[in-house]
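Enquirer: One structure coming up, written as structure tokens, with questions to follow.
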Amino acid sequence: MSTSFPSLFPGMLLDAASRYAEDHIVVAIQGDPVRELGWTATLVPEEAGGVGGSLSDLASIVEGLATHGLQLPVVETCAVVPLLLQAAGAETAHRWLEAVAEGSVQMAPLTALSATPDVNAVTARHLDIGYELSGTVQGVDATLPATHYLVPAQVDGEDAIFLVDAERIGAPKARYRTMEGRVGADFVLAQLAVPESACIARGAAARDARAKATDAALLLTAADTVAALATLIRQTVTHLKERRQFGVALSSFQVLRHRVADMYVKYLGAKGLVIHCFNDYEQDAPDLRRTLRLAKVSLAESARACAEAAIQMHGGMGVSEEVLATRTAQRLIASEFRYGDRLLHVAYLLALAPQASAPHVSFSNQTGSVR
Amino acid sequence: MSIDYAGFRRELESFVRGACPPEIRAVVAAGQKITKREYQAWQQILNAQGWGAPSWPREAGGTGWDIRQRLIFEEVMAENDCPPLYHHGLGHIGPVIIRFGTPEQKARFLPRILDGSDWWCQGYSEPGSGSDLASLSTSARLDGDAWVVNGQKIWTSHAHEASMIYMLVRTSKEAKKQEGISLLLVPMDTPGITVRPIQTIDGWHHLNEVFFDEVRVRADNLVGEVGKGWTCAKFLLERERLPPANVARLELMRRQVTQLVEEASRAAAGLRDFSGLHHKLLLCEADVKGARVMMAQATDDLIHQRPLGVQPSVIKMTCADVAQRLTTIALDAVGPDAAHRFLAEAGDDVPDATWIQNYMFTRARTIAGGTSEVQRNVVANELLGA
């Protein structure tokens, strides 16, 4: 059956992440595996001590973890953080990227998991001796400890990015477990004073970096969804073949066979769409964001349908969190709401001038993986 | 030598934009039914250019293009509102004659397919054997220098317009189901053939029942060996498992329906809420993008002679599903105005009603060519075992 689910991002990074996830799936997370395993260096340029890798490299790690159902904030820590940092001036960016790559700081974005990094939840006011930050950021990923936060904000109608010590930000107002098993937290910044140097980027640089971080987050979440879909179907197939009812294997009932076939068709369609997105990203397609929003909406539809079908086909076991398929279903549904839900993206898509996207043929990549 | 696919695409675009008559393009652009008249005229133009048979080898009068070139060809045709190639001659029986036919059969039939002289239909399905094709019972017995055919075929597209039918007949009842079947080429004007139209839900006439009553067919019109017709049938089905036109035409349909919804939305001036239709169109757009990648991957597998597995089934199901959803959207867009004027009197123009016909016609997409239930079985067998 492995031939039915070829990897999207094959390679050593996938294998390593996959092995790590398999070994730690039922063990509570200790320490900071994302930084200990060096994954924060993936997107950091070589001159800043990083690996200088691509988004596809990071997607390998995302896929490996999703395949075995392990939840770690890789997208936030390894993609959003370095991409936001690169908006800073060369010296500042270099210094902090180096620290991120070597793991000497634990940096996280102070952004809501449900919103894209280009959304302003925080407003900054420029004072004589620095800035004052105000706003509420709900649902920040707090799975791993943080020493610093990157805070996207708006200053005088401009986009900006602030780098603030975690101590200064203070404790969250509330903490909770997220649907898919991460730790979430709500932060309230009430006229929080920060020094002038905390503003590491403003204007076009900040806007571009936040846009890049948003694209990356949408792409990687889509990769996570496709990997999780593969796992969900594999688990469901195994269950149907092993579980017996009325003296026969569940897999002998045509209604269930057809339901799994429908899931598989949705999975292949979703996979094709994600490959299309990565191709557009690599070719810097002018309508990349539109395509990513489209993918977000479509993947949400497929993922929820498959999650619901898998829960149903697992019967009573389908509602037990002990079962990997159930946790994967939770992951898929939670991913729908990460970085903007389908209603938000549909709103954007429909608000744009209707345009029939120019058809084009891209045969640059035919291998079934995106590399 | 590597092929310059981008240059190939430009060459095609340049030709079709100049060569395809506006009146034919208008029919395609409007989503109207493409009849023998448009198919034949366009086939003749393409043939004069040397592009009459994209999927055939050069020695048989084809282009010798690889499947990626064929895919590009279909996309360019769809993007420029040109009719697809008529599949029964070029895609189905032509390749079978090239593979299994005698030199005399090749000389007699292939040029007439290329230049559009012969219009073929397919006699496979019977009232008692649809998906279970091997159970067919229309018989042929050898009588001197002729096969004598008796029986009935059904769901025969274009039989009323066709000059030839290729049909599976049972030449022996003694062997197993798949054996004792032969492939016969029969002129439609042979005495004893009766074509009776089947009135379909779309209001167009394309399907027929065809009755054979002591129909005498010259003996050398049998293709391949006697009793080995199943081999030819399988060859035909396998060759056409990945019709490149499906995905290319889907994108054309999506653009047409998008335009329709935008126009209907403007015309409704806020009196009807089209946001749900716009939302559904977005999902279709995403699915078409996914299908294009699936098709490209399957194409790559074919070129590199890797097994296709369930890809043709998945692509077929996806295309059928999206086509049905698109025409359902179109139905909602035009329904209130068009439903009560479904079929126009001759000469009257009711363009919106065409979409109602298209909606009805597209119901067959999940039935014809192997129902979606059969395709799901194929996929399920791959995942779960038989």
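Enquirer: Tell me, what is the 1.4 Å probe accessible area of A:Phe278, in Å² to the nearest 10?
Expert: Per-residue accessible area (A:Phe278): approximately 0 Å².
Enquirer: If you place +1 on the Cβ of every Lys and Arg, -1 on the Cβ of every Asp and Glu, and leave all else neutral, what size is the dipole of region A:20-178 about its Cα centre, to the nearest 20 Debye? Don't jump to the answer; show the numbers that get you there.
Expert: Values: 7 positive and 21 negative charges, 120 e Å.
For this selection, approximately 580 debye.
Enquirer: Something else: Leaving out ligands and nucleic acids, note down the accessible area per residue over region B:241-384 with a 1.4 angstrom probe, in whole Å².
Expert: Values: 6010 Å² over 144 residues.
About 42 Å² of surface per residue is accessible.
Enquirer: Keeping all protein chains in position, work out how much accessible area B:Ile45 exposes to a 1.4 Å probe, and write it in Å² to the nearest 10.
Expert: 50 Å²
Enquirer: For the residue pair B:Asp143 and A:Thr3, what label-to-label distance in nm results when each label sits 7 Å from Cα along the Cα-to-beta-carbon direction?
Expert: Roughly 5.0 nm, to one decimal.
Enquirer: Just add up the charged neighbours of B:Ser172: K/R +1, D/E -1, any other residue whose Cβ is under 14 Å from the Cβ of B:Ser172.
Expert: Working: positive: B:Arg141, B:Arg170, B:Lys173, B:Lys176, B:Lys177, B:Lys228; negative: B:Glu174, B:Glu179, B:Glu225.
Net of charged neighbours comes to +3.
Enquirer: I would also like to ask the following. Could you work out which residue, out of A:Ala222, A:Ala101, A:Ala205, moves most in a Gaussian network model of chain A, that is, has the largest mean-square fluctuation with Cα springs under 10 Å?
Expert: For chain A, modelled as a Gaussian network with Cα springs under 10 Å, the answer is A:Ala205.
Enquirer: OK, next. Averaged per residue, what accessible area in Å² does region A:26-147 show with a 1.4 Å probe, protein chains only? Write down the numbers at each step before the final one.
Expert: Numbers: 4470 Å² over 122 residues.
Accessible area per residue: 37 Å².
Enquirer: Calculate how steeply helix B:36-49 sits against the longest principal axis of the alpha-carbon atoms of chain B, using the helix alpha-carbon long axis, and give the answer as 0 to 90 degrees to the nearest 10.
Expert: So the inclination is approximately 80 degrees.
Enquirer: Compute the distance in nm between two label points, each set 7 Å from the Cα along the Cα-to-Cβ direction, one at A:Gln254 and one at B:Arg196.
Expert: Those two pseudo-labels are separated by 2.9 nm.
Enquirer: Related question: Can you list the residues of region A:292-326 whose accessible area drops by at least 10 Å² going from the chain on its own to the full set of protein chains, with a 1.4 Å probe?
Expert: Relative to the lone chain, where solvent access is computed with a 1.4 Å probe, region A:292-326 loses at least 10 Å² at A:Leu294, A:Val297, A:Ser298, A:Glu301.
Enquirer: Continuing with the same structure: Where only protein heavy atoms count, and the probe is 1.4 Å, what is the accessible area per residue for region B:11-72 in Å²? Walk me through the numbers before you get to the answer.
Expert: Values: 2720 Å² over 62 residues.
It amounts to 44 Å² per residue over region B:11-72.
Enquirer: Along the charge dipole of region B:1-61, pointing to its positive end and built from +1/-1 on Cβ of Lys, Arg, Asp and Glu, which listed residue (B:Ala26, B:Phe8, B:Trp56) has its Cα farthest out?
Expert: B:Ala26
Enquirer: Using a probe of 1.4 angstrom, how much of the accessible area of region B:120-227 is carbon and sulfur, in percent?
Expert: Numbers: 2310 of 4760 Å².
Whole-percent figure for carbon plus sulfur exposure: 48.
Enquirer: Remind me, relative contact order of chain B in percent, using alpha carbon pairs under 8 angstrom and six or more residues apart?
Expert: Values: 594 pairs, mean separation 52.5, N = 386.
Relative contact order comes out at 14 percent.
Enquirer: Further question on the same structure: If you fit an axis through the alpha-carbon atoms of helix B:103-114 and take the longest principal axis of the Cα set of chain B, what angle between them do you get, 0 to 90°, nearest 10?
Expert: Helix B:103-114 and the main axis of chain B meet at about 20 degrees.
Enquirer: Counting only protein heavy atoms, what percent of the accessible surface of region B:5-85 is carbon or sulfur at a 1.4 Å probe? Don't jump to the answer; show the numbers that get you there.
Expert: Numbers: 1520 of 3230 Å².
Using a 1.4 Å probe with all protein chains present, region B:5-85 comes out at 47 percent carbon and sulfur.
Enquirer: Just tell me which lysines come within less than 30 Å, Cα to Cα, of B:Lys280; anything on the same chain fewer than 8 places away is out.
Expert: Here the lysines satisfying the reach criterion relative to B:Lys280 are A:Lys212, A:Lys266, A:Lys271, A:Lys296, B:Lys33, B:Lys289, B:Lys316.
Enquirer: Between B:Glu13 and A:Glu321, what is the label-to-label distance in nm when each label sits 7 Å out along the Cα-to-Cβ direction?
Expert: Each label point lies 7 Å from its Cα, and together they span 5.5 nm.
Enquirer: For region A:1-53 and region B:358-386, compute the distance between their C-alpha centroids and round to whole Å.
Expert: After rounding, the separation between the Cα centres reads 39 Å.
Enquirer: Lys and Arg at +1, Asp and Glu at -1: add these up for the other residues within a Cβ distance under 12 Å of A:Val237 and post the number.
Expert: On the way: positive: A:Arg234, A:Lys241, A:Arg243, A:Arg257, A:Arg259; negative: A:Glu242, B:Glu382.
Residues near A:Val237 contribute +3 overall.
Enquirer: What number, in percent, do you get for the relative contact order of chain A if the mean sequence gap of Cα pairs under 8 Å and at least 6 apart is divided by its residue count?
Expert: Working: 644 pairs, mean separation 63.5, N = 371.
Over chain A, the number comes to 17 percent.
Enquirer: In Å² (nearest 100), what accessible area is buried between B and A, both sides summed, heavy protein atoms only, 1.4 Å probe?
Expert: On the way: alone 18400 and 16770 Å², together 31590 Å².
Approximately 3600 Å², summed over both chains.
Enquirer: For the protein assembly as shown, what class follows from the C-alpha gyration tensor (a ≥ b ≥ c being the square roots of its eigenvalues): rounded when a/c is under 1.5, otherwise prolate if a/b is larger than b/c, else oblate?
Expert: Working: a/c = 2.39, a/b = 1.99, b/c = 1.20.
Note, shape of the protein assembly as shown comes out prolate.
Enquirer: Give me the percent relative contact order of region B:19-76, please, defined on Cα pairs under 8 angstrom at least 6 residues apart. Mind showing how you got there, number by number?
Expert: On the way: 40 pairs, mean separation 10.3, N = 58.
Rounded, it is 18 percent for region B:19-76.
Enquirer: Something else now. Against the longest principal axis of chain B, how steep is helix B:245-268, in degrees 0 to 90 to the nearest 10, with axes from Cα atoms?
Expert: Taking Cα atoms only, the helix is inclined about 30 degrees.
Enquirer: Work through the residues other than A:Met107 whose Cβ is under 13 Å from its Cβ and net out their charges, Lys, Arg +1 and Asp, Glu -1.
Expert: Numbers: positive: A:Arg35, A:Arg95; negative: A:Asp32, A:Glu76, A:Glu98, A:Glu102, A:Asp141, A:Asp165.
Net local charge, A:Met107 excluded: -4.
Enquirer: Give the aspartates and glutamates reachable from B:Lys153 as a straight Cα distance under 15 Å; neighbours fewer than 8 places away on the same chain don't count.
Expert: B:Glu126, B:Asp132, B:Glu209, B:Asp213, B:Glu214
Enquirer: Multiplying the sequence separation of B:Ala339 and B:Lys173 by 0.36 nm and subtracting their Cα-Cα distance, what value in nm do you get? Display every interim value, and only then the final one.
Expert: On the way: separation 166, 0.36 × 166 = 59.76 nm, distance 4.93 nm.
Result: 54.8 nm gained on full extension.
Enquirer: Under the rule of -39500 (n - 2.57) per DSSP H run of 4 or more residues, summed and divided by the residues of chain B, what mean residue ellipticity at 222 nm is obtained, to the nearest 500 deg cm²/dmol?
Expert: -16000 deg cm²/dmol
Enquirer: Sort out for me the Cα centre separation of region A:193-255 from region B:250-312, rounded to whole Å.
Expert: Region A:193-255 and region B:250-312 have Cα centres separated by 23 Å.
Enquirer: So how strong a dipole does chain A carry about its Cα centre when Lys and Arg Cβ are +1 and Asp and Glu Cβ are -1, to the nearest 20 debye? Mind dumping the intermediate values first?
Expert: Details: 31 positive and 40 negative charges, 322 e Å.
For this selection, approximately 1540 debye.
Enquirer: A follow-up question, please. Would you work out what percent of the accessible area of region A:206-352, with all protein chains in place, is carbon or sulfur (probe 1.4 Å)?
Expert: Using a 1.4 Å probe with all protein chains present, region A:206-352 comes out at 53 percent carbon and sulfur.
The values are calculated or read from the model by the stated rules, or taken from the named source; none is laboratory data. What you see is a predicted model, and the numbers here were worked out from it, not measured in a lab. Positions of Cβ are generated from backbone atoms using ideal geometry, with glycine treated the same way; all protein chains shown enter the neighbour counts. Note: accessible area is taken over every heavy atom of the protein model, side chains too, but ligands, DNA and RNA are not part of it. Shrake-Rupley method; radii C 1.70, N 1.55, O 1.52, S 1.80 Å.
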